[in-house]
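The values are calculated or read from the model by the stated rules, or taken from the named source; none is laboratory data. Keep in mind it's a predicted model, so treat the numbers as computed, not measured. Reconstructed Cβ throughout: ideal geometry from the backbone, glycine too, with neighbour counts over all protein chains shown. Note: accessible area is taken over every heavy atom of the protein model, side chains too, but ligands, DNA and RNA are not part of it. Shrake-Rupley method; radii C 1.70, N 1.55, O 1.52, S 1.80 Å.
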Amino acid sequence: MSYVASKVSEPEFEQAVHEIRSTLGPLFKKHPEYETAFKVLMIPERILTFRVQWEDDKANVQGHCQVNTGFRVQFSSVLGPYKGGLRLHPSVNLSILKFLGFEQIFKNALTGLHMGGGKGGSDFDPKGKSDAEIRRFCYAFMAELSRHIGPDTDVPAGDIGVGGREVGFLFGAYKQLRNEWSGVLTGKGFDFGGSRIRPEATGYGAVYYLEEMIRAASGEDFKGKRVLISGAGNVAQYAALKVIELGGSVLSLSDSKGALVAEGEQGLTADFVAQVADLKLKGGYLQDLSAPAGFKYVAGARPWTLVKRVDVAIPSATQNEVSGEEAHAMVAAGLRFIAEGANMPCTQEAIDVFEGERKKGGKSAVWYGPGKAANCGGVAVSGLEMAQNSARLQWTEQEVDAKLKAIMQTCFKTCYETAQQYAESGELPSLVQGANVAGFVKVANAARAQGMWF
């Protein structure tokens, strides 16, 4: 039976469908009726594609009207309003957005909050654009998107290429077009309805999830753990800061130009991570910074094969950034725990390596935390922002952080306990299977209760 609805090649979406479907076999064996739910849920409720026409800074010169394609994939609303980010990047296409939206359904379910799943964006590239050009694009993009979203319908957020500046422009455009102030976007500035801890949430959440993994496996914590992190954006920065706070050593960061890696056991400092954050706000790359003592910069590389000893990995850059070969290299270097800070950063070959090591068991077994669970902290705090907007109030940093940590602890517990129900005799539970089954069953049961399948 085929589980890909479109005859058009959509490799990222097909990969996401295969990854989830491959872990649901035991569930379908016990409850074959759930296969019907899978066929229903893998087709979006609605796909919106539209033209975005905007003017660049040379608009007074003939031919400087620009055109991009805008998208919004409204995948599932059975648990609440569609919820998922907007991505602005030249690589954006329907396959990537469907993959992200499909994952988002089950990720949002694992937060325990009332949110459906969706994703959107455009092939517009904000890099190198002026603030005025980005504002004009955002207003043009929202001119169409505003027809299809709302606080009780669809609540977008940021993603790659969409930070606080872009969310602010999009929010301003929506307010102007609709003449209403509502919690229609999350990731807003604190002064106009945003939440504390939102920039930190995905990175912090991944580390909180890892804390639970480490505790369940060994009763230990982050103290003394050697940690590889890829990426240098918000997720990587705040994951690094939280690891440092908890006593771990951060041995790498990376970006599209190359990787900064430790030559020994000494980790990065919080002050250096702050320098990276400032650099990225200015559009710079790690190669523009002087490597701190004990580190080297390797152009064109990813960090996974460059460190001899590693305990924990947090891939936080982009999809398919960890190959099967790199997974083997990390296992050989002593990897015990890996949690995805990005969306689908591990290829299927890498996942197979980690899951194979899990099945071997013993003290060297690898625990793999999939992105839909490990990186759900970002959307969890977006959900908390929606709640604050509905109540017209704002919680303190401590209140939001405590709620985030509790959500991630509950998410891990849900994944782990579900995984235990399906574990083969003598094997460690599979967290990826636990996450997929728990998220899918929650959404499927709600869909059945609403008459979407029988």
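Brief remarks on what is shown
- The 3J(HN,Hα) values that the Karplus relation (6.51, -1.76, 1.60; θ = phi - 60°) gives for segment 261-269 are, in residue order, 10, 6, 9, x, 9, 5, x, 5, 9 Hz. Gly and Pro appear as x.
- Kirkwood radius and radius of gyration were both taken over the C-alpha atoms of the chain, and their ratio Rg/Rh is 0.96.
- Candidate lysines - alpha carbon under 18 Å from residue 39, same-chain residues fewer than 8 apart omitted: 7, 29, 30, 98, 442
- Residue 114 sits among other residues whose Cβ lies under 11 Å from its own Cβ, and their net charge, with Lys and Arg +1 and Asp and Glu -1, is 0.
- Protection proxy ranking of 445-451, 211-217, 236-242, 44-50, by the mean of other Cβ atoms within 10 Å over each peptide's residues and highest first, is 236-242, 211-217, 44-50, 445-451.
- Accessible surface of the chain, 1.4 Å probe: 48 percent of it comes from carbon and sulfur atoms.
- For the chain, the share of DSSP beta bridges that are antiparallel, to the nearest 5, is 60%.
- Lysine-lysine proximity count for segment 325-415, Cα under 22 Å, sequence distance 8 or more or distinct chains: 8
- Beta bridges by DSSP in segment 41-181, antiparallel share as percent, to the nearest 5: 70
- Amide H contacts under 5 Å for residue 254, placed H, 5+ residues apart: 231, 232, 260
- Computed from label points 7 Å out along Cα-Cβ, the spacing between residue 266 and residue 51 is 5.9 nm.
- Averaged per residue, the chain has 41 square angstrom of accessible surface, using a 1.4 angstrom probe with ligands and nucleic acids left out.
- The relative contact order of the chain comes to 16 percent, based on Cα pairs under 8 Å that sit 6 or more residues apart.
- Summed over qualifying helices (DSSP H, 4 residues or more, each -39500 (n - 2.57)) and divided by its residue number, the chain shows a 222 nm mean residue ellipticity of -14000 deg cm²/dmol.
- Annotation: lysines with alpha-carbon distance below 19 angstrom to residue 257 (same-chain offsets under eight excluded): 127, 280, 282, 296.
- Sorted on the mean count of surrounding Cβ atoms within 10 Å across their residues, most packed first, peptides 32-38, 259-265 read 259-265, 32-38.
- Here the Karplus curve 6.51 cos²θ - 1.76 cosθ + 1.60, taken at θ = phi - 60°, turns the phi angles of segment 370-386 into couplings of x, x, 4, 9, 5, 10, 6, x, x, 6, 4, 6, 4, x, 5, 5, 4 Hz, with x standing for Gly and Pro.
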